[in-house]
1. Name the single residue, out of those in the stretch 341-372 being touching an Asp or Glu at 6+ places or on another chain (Cβ under 6 Å) and within 16 Å of ligand 2 (Cβ to nearest atom), that is nearest to S478 (Cα to Cα).
2. Evaluate the following for E197: is it open to solvent by less than 20 Å² (accessible area, probe 1.4 Å), within 16 Å of ligand 1 (Cβ to nearest atom) and within 17 Å of D102 (Cα to Cα)?
3. Which one of these is touching a helix residue (DSSP H, G or I) at 6+ places or on another chain (Cβ under 8 Å) and small (G, A, S): S408, S369, S393?
4. Here is a list of conditions, (1) closer than 30 Å to W460 by Cβ; (2) in a strand (DSSP E or B), and V124 meets all of them except one; can you say which number that is?
5. What about P271, is it more than 16 Å from ligand 1 (Cβ to nearest atom) and surrounded by fewer than 20 Cβ atoms within 10 Å (Cβ to Cβ)?
6. So in the stretch 209-221, with the set limited to residues that are at pLDDT 95 or above and crowded, with 17+ Cβ neighbours inside 10 Å, which one is farthest from ligand 1 (Cβ to nearest atom)?
Amino acid sequence: MTVLRYSVPTLPLKKLIIPSNSTFTNSTLFHFHFHTMNSIAKPSASSSSSSSSSTTSIHQVPELDSDETHRIADQTFRRYSSSSSSASRTGRGTAILWFRNDLRILDNEALYKAWLSSDSVLPVYCVDPRLFSTTYHFGFPKTGALRAQFLIECLADLKKNLIKYGLNLLIRHGKPEEILPSLAKAFGAHTVYAQKETCSEELNVERLVSKGLQQVALQSSSESRSNTNNPKLQLIWGTTMYHIDDLPFDTGSLPDSVEAKCNIRSCIRTPTCLGPPPSIDDWGCVPSMDQLGAYSQSQNVSKGMKFVGGESAALGRNLLRIYKETRNGMLGPDYSTKFSPWLASGSLSPRFIHEEVKRYEKEREANNSTYWVLFELIWRDYFRFLSVKYGNSLFHLGGPRKVEHRWSQDKNMFEYWRDGRTGYPLIDANMKELSTTGFMSNRGRQIVCSFLVRDMGIDWRLGAEWFETCLLDYDPCSNYGNWTYGAGVGNDPREDRYFSIPKQAQTYDPEGEYVAYWLPQLRALPKDERNFPGKSYIEQVVPLKFRTVSKHSSQDMALAARRTNFRGRK
Ligand SMILES: Cc1cc2nc3c(=O)[nH]c(=O)nc-3n(C[C@H](O)[C@H](O)[C@H](O)COP(=O)(O)OP(=O)(O)OC[C@H]3O[C@@H](n4cnc5c(N)ncnc54)[C@H](O)[C@@H]3O)c2cc1C
Ligand SMILES: Nc1ncnc2c1ncn2[C@@H]1O[C@H](COP(=O)(O)OP(=O)(O)OP(=O)(O)O)[C@@H](O)[C@H]1O
């Protein structure tokens, strides 16, 4: 079988070359945990054909127990720490480190700069109620329960690791623009350091925080002439593998087709001790699901993959050897790296992955998989830089290309898709995986996107906002970037990205293992019928645009015609 690479972003960044000559300041090589072929070959949902085990199993990702996770994390922290840099800490006073989507210690430049510029760092996380309200147009939960749970785990782990480094994490509930200026005032902080974001919701918060800090300075100067406090917000780039300052072009004019060669910086070496922290009586607890708001009612993963949040778990997950051959899979934890939830929360640095890949290549072998992991990370970078270039048009119906198209907002149709009741097993299985686990393979994402947009003709923003609710790895740039591509409104030169369900099913789920896992009622059918079950399954709600597989096309058409107008909330 020829394994095709997925076709969402193929160009334009294809030509962005990963330099093979990246240089590292620390060339010492240590052991790093990689799954072996044996551990990959362990029975998993993808390899098991027993119906009982493959319908009920839960795969924890990573599959290590807590002791092993922390052992590997500590080992990795040591490998990436520096004991010699305390002499360079010449700063005075207090600096605040405002954690956002950079919930990690390793390779966190903002944290490092806060440490360097002060003699005491105050790490803060603000539980911003806006992140737990609703999506912009259609009023879905802004953060679904599974991502909320993942975030809680990230915060608990970050707090634990900061304590190991001689600090702590102050957790406050409220808006950063209210919390940070008041902390800056109370502690006389000179700077608030934070990772720079690029989308308008986050940029708006940055502006408000900056304004709040200016108010502190104004108040301070009117109250005291001798001892004024003039705190500033210092934003540090940190989300991508390529540093924005190293790109050979200005992001505002990021070309649609790029041929660029630039170095990837080494990870920041974190000092072994980041303390002392300021004196604080109550550091605040990691929030519970209840505290995160109405939409975050606990939801347990009942089958499929259960991702463990936090930097320690992220460092325990590594998988490179067979990645290229399996990336287009859909079932089980090991067909792709599954780094995305940790990358999105910032528990994992893309530069760390790059450095580890290079180390692996040097110690063992360079192979297709090691190349492809970095290649995929370039796509992640690309969508981040695209958000700088295109701003809010990434979120607009017509996308960056301002495409005019009549979209449906049929509520019933959308709900068939959302709930996995379309009558197409491949769509329904993927949508059930998403709502049960918060994850879907890249292939699945492309297929369900194409179905919603092309076969159902539904406003792509409904799909994008539903993904925003559900995905553990939700990232505004990657999500809306990929959706605009899929909907044909992005800057992708290709016109119609149609994914034919029969073809996708035959190529990527030929034995119907994936659909039978998520739709157990199909397991009783012969393997080659599971994706094409006819009357043994629910009716298809729309015919396919380019191929009629339905045996009930008149009913399909009738259903498709029953369209009611779904009124967006905006
Ligand atoms: C409609 C749609 C919506 C998506 N929404 C998101 C999202 O909100 N957040 C997100 O991280 N990814 C998103 N993706 C991209 C991709 O599906 C996931 O990053 C990938 O499936 C995560 O699995 P993995 O970590 O095993 O990826 P791997 O295949 O192992 O790739 C390694 C890393 O490369 C990056 N990457 C891979 N493919 C892409 C891509 N197409 N775009 C951007 N980054 C990529 C991810 O960070 C990923 O973790 C979306 C794709 C589509 C088609
Ligand atoms: N982090 C984010 N996550 C999800 N959506 C985001 C994020 N940042 C910005 N957006 C979206 O960007 C859009 C910006 O809308 P805004 O009103 O700020 O600007 P606009 O260009 O005037 O848009 P509109 O014309 O729709 O009002 C909204 O759809 C908002 O949801």
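1. Ranking the qualifying residues of the stretch 341-372, first place goes to A344.
2. Judged against the criteria, E197 is a match.
3. S369
4. The one condition V124 does not meet is (1).
5. Taking the combined requirement at face value, the residue does not satisfy it.
6. V216
Yes/no per residue for (1) more than 24 Å from the chain's Cα centre (by Cα); (2) within 15 Å of ligand 2 (Cβ to nearest atom); (3) part of a helix (DSSP H, G or I):
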residue	(1), (2), (3)
L374	no, no, yes
L377	no, no, yes
R380	no, no, yes
S387	no, yes, yes
G391	no, yes, yes
H396	no, yes, no
V403	yes, no, no
M413	yes, no, yes
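Yes/no matrix, rows are residues, columns are (1) polar (S, T, N, Q); (2) within 16 Å of ligand 1 (Cβ to nearest atom); (3) surrounded by 22 or more Cβ atoms within 10 Å (Cβ to Cβ):
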| residue | (1), (2), (3) |
| --- | --- |
| I96 | no, no, yes |
| D102 | no, yes, yes |
| L106 | no, no, yes |
| K113 | no, no, no |
| S118 | yes, no, yes |
| V121 | no, no, yes |
| D128 | no, no, no |
| N168 | yes, no, no |
| K175 | no, no, no |
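The values are calculated or read from the model by the stated rules, or taken from the named source; none is laboratory data. None of the values given here were measured: they were computed from a predicted structure. Glycine gets a Cβ as well: all are built from the backbone with ideal geometry, and neighbour counts include every protein chain shown. Keep in mind that these areas ignore ligands, DNA and RNA; they rest on the heavy atoms of the full protein, side chains included. Shrake-Rupley method; radii C 1.70, N 1.55, O 1.52, S 1.80 Å.
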